[in-house]
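The values are calculated or read from the model by the stated rules, or taken from the named source; none is laboratory data. Since we're looking at a predicted model, the values are computed, not measured. Cβ: placed from backbone, ideal geometry, glycine included. Neighbour counts: every protein chain shown. Note: accessible area is taken over every heavy atom of the protein model, side chains too, but ligands, DNA and RNA are not part of it. Shrake-Rupley method; radii C 1.70, N 1.55, O 1.52, S 1.80 Å.
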Amino acid sequence: MDRFTTRLLSSGHGRLEDQDNLFTPMRMAFAGIVLYAHALMMVLPWPVLGAWAQMVDFAGQHALNAFFVLSGYMILASLRASRSVLAYAINRCFRVFPLLIMVTLLTVMIVGPALSGLAPVDYLARPESWAYFAGVISQVHPTAALPFDASGLQAAQSANAPLWTIRYELMGYAGLGILMLVGALRFKWVLPLALLAVIAASAVFANSAYAGPFPEGVEAGLRFATGFLIGAVLWDWREQVGLSWALIAASVLAAIASIGTPFHQSFDILATAFIALRLGYLKTPENRVWQRIKGVEDLSYGIYIIHWPAGLMLMVLAGHIGWQPGSTSIALAMTGVSIALAWPLRVWVERPFQTMGRKVARGTWAVGAISPPPFPKKA
């Protein structure tokens, strides 16, 4: 291999388990970008137009893509390290559902009565309130509106709009688990082949007038599957495909060159993946400030799933006191309230249930579950 190729493919990957990386503050930043994009939607008529709104939406869409890239990268690392597929599934369920259940309960019990004008006891006695709860937790209808909405808020068309992405995250988890369970992940070419199939399907979809069921769902599924699989492939092939700045520049140029073609979305997500992972492993000065940034508590999941109901409550309050919030003021208020809620939920819900999940996953019945090894044993 010549010197240029060696430098082009130089690793740049670090060790996830060392925690000496910027992935947690990056996830917090991505959650903040999405929050601000949603703050615009809270105060402005839909669809939100204008150069600034389009730039914020652009950043928000790329933040979502980066979330899925990092998820595929880290979840495959977790799966490879798991002692069985069942143990992996237990850890994933204890990671996602406890906080989702708690936030949805808070939405039903607090946001629902506030939007409806009904007394809390009366609201909670209605079966429709719990039908909403079941629809969200099952992910059958994650972005449903709360019943009995009398607020008149356009944003209340969904009680928790960001939850639409969780079903695709769960699909990614399940897909990797199934591939491991059937032994497909013994072969490193399986994930690249799956990625190429998804990219081809995305190109066909983009170049055709799809008239089948759930067109928006199909489009989102292909988009997030691309990001998730790119992340997973980059983890599995980290010794062969590095994060050099030259490779990043090439991916950005490919994304620009592909504008107007059916492959633009895939190249765009690929460039996002290289940039996000490179920044995540960026070497930073060894000083107190950077150590605190790296050690920030990971509130990204809590902020992501609670900021929309928090925004609805703020808009209800604004209506009562005559406050006319702008996008910046509502974003700052949403950030403050979301962090104030996400912190105790992290301490009292996320952490305890993650610890519980790890304990359950270490049980004999979970560890002993039939699961093929990640690679064939060498003779």
Just the ratio, please: alpha-carbon radius of gyration of the chain over 2.2 N^0.38 Å, N its number of residues.
1.04
Shape of region 264-307 from its Cα gyration tensor (a ≥ b ≥ c, root eigenvalues): rounded if a/c is under 1.5, otherwise prolate when a/b > b/c, or oblate?
oblate
Sorting 266, 78 by accessible area (1.4 Å probe), largest first, what list results?
78, 266
Place the peptides 231-240, 151-160 in order of packing, highest mean first, counting for every residue the other Cβ atoms within 10 Å and averaging per peptide.
231-240, 151-160
Of all trypsin sites (Lys or Arg not before Pro) in region 263-365, the ones in DSSP coil with at most 13 other Cβ atoms within 10 Å are 283, 362
Rounded if a/c is under 1.5, else prolate if a/b is larger than b/c, else oblate: which is region 243-340, with a ≥ b ≥ c the root eigenvalues of its Cα gyration tensor?
oblate
Long-range amide H partners of residue 244, meaning residues 5 or more apart or on another chain whose placed amide H is closer than 5 Å, are 10
How large is ³J(HN,Hα), in whole Hz, for each residue of region 195-202 in order, when computed from phi with the Karplus curve 6.51 cos²θ - 1.76 cosθ + 1.60 and θ = phi - 60°, using x for Gly and Pro?
5, 4, 5, 5, 4, 5, 5, 5
Expressed as a whole percentage, what fraction of the accessible surface of region 1-156 belongs to carbon and sulfur atoms when a 1.4 Å probe is rolled over the protein heavy atoms?
66 percent
For region 119-131, just list the computed ³J(HN,Hα) in residue order, Karplus coefficients 6.51, -1.76 and 1.60, θ = phi - 60°, integers in Hz, with x standing in for Gly and Pro.
5, x, 5, 5, 4, 6, 7, 7, x, 4, 5, 7, 5
Cross-link partners of residue 283 among aspartates and glutamates (Cα-Cα below 14 Å; sequence separation of 8 or more within a chain):
18, 20
Would you mind putting 216-228, 196-208 in packing order, based on average other-beta-carbon counts within 10 Å, highest first?
216-228, 196-208
Relative contact order of the chain, please, whole-number percent, based on alpha carbon pairs below 8 angstrom and at least 6 residues apart.
35 percent
Full extension between residue 182 and residue 196 adds, at 0.36 nm per residue less the Cα distance, a length in nm of 3.0 nm
Determine, from the Cβ-Cβ distance of residue 122 and residue 358 and an R0 of 41 Å, the FRET efficiency 1/(1 + (r/R0)^6), rounded to the nearest 0.05.
0.50
What size of dipole, in debye to the nearest 20, comes out for the chain about its Cα centre when the only charges are +1 on Lys and Arg C-beta atoms and -1 on Asp and Glu C-beta atoms?
1420 debye
Which of 58, 91, 28 sits farthest toward the positive end of the charge dipole of region 1-155, with +1 on the Cβ of Lys and Arg and -1 on the Cβ of Asp and Glu?
91
Rounded, prolate or oblate: which one fits region 130-243, using the alpha carbon gyration tensor with axes a ≥ b ≥ c (rounded when a/c is under 1.5, else prolate when a/b beats b/c, else oblate)?
prolate
How many Å² of accessible area per residue for the chain, probe 1.4 Å?
50 Å²
Dipole size in debye (nearest 20) for region 18-104 around its Cα centre, Lys and Arg Cβ +1, Asp and Glu Cβ -1?
340 debye
Label model pair residue 237, residue 137: point-to-point distance (7 angstrom along the Cα→beta-carbon line) in nm is 4.1 nm
Over region 249-349, what is the mean sequence separation of C-alpha contacts under 8 Å (at least six apart), divided by residue count, expressed as relative contact order in percent?
24 percent
